[in-house]
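Structure first, commentary second.
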Amino acid sequence: MLNRFTLIGRLGQDPQLKKIGDKDLATFSVAYSEKVKGEEKTTWFNCEVWGAFASVVQSQAKKGDKITVIGRIVINEHEGKQYIKVIASEVVFL
């Protein structure tokens, strides 16, 4: 099986950097928009980047930037809502 996901969209906020144990974690949201039946529909994806690349993403990416995120997708459900999270293995600044 393969769980590989590619997303091109815009950052919803500046990436936030956290330290989890001895590893860095950058979290951010990416908006993907498309027209559905003539109306603009936006889907938000919560993304994570781990390790040394997390600080690069945090320092280089800013709210509104267009980026490509490549990774695996995880869908969680909480109180009847679905939350889509992408664990990124690669982030490309466009």
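The values are calculated or read from the model by the stated rules, or taken from the named source; none is laboratory data. If you're wondering where the values come from, they're calculated on a predicted model, not measured in any experiment. Don't worry about glycine lacking a Cβ; one is built from the backbone with ideal geometry, like all the others, and counts go over all protein chains shown. The accessibility values were calculated without ligands, DNA or RNA, using every heavy atom of the protein model including side chains. Shrake-Rupley method; radii C 1.70, N 1.55, O 1.52, S 1.80 Å.
Numerical summary
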{"read-out": "For the chain, the Rg and Dmax computed from alpha carbons only, in angstrom", "value": "13.7, 48"}
{"read-out": "Residues whose placed amide H lies under 5 Å from that of Asp65, excluding near-sequence neighbours", "value": "Leu11"}
{"read-out": "Student exercise, the chain dipole from Lys, Arg, Asp, Glu Cβ charges, in Debye to nearest 20", "value": "100"}
{"read-out": "Too-long pairs where the Cα-Cα distance tops 21 Å, listed order kept, from Lys18/Lys62; Lys62/Lys85; Lys37/Lys66; Lys35/Lys81; Lys37/Lys85; Lys63/Lys85", "value": "Lys37/Lys66; Lys35/Lys81; Lys37/Lys85"}
{"read-out": "Computed FRET value (nearest 0.05) for Glu77 with Val36, which takes r as the C-beta separation and R₀ as 30 Å", "value": "0.85"}
{"read-out": "Accessible area of the chain divided out per residue, in Å², using a probe of 1.4 angstrom", "value": "67"}
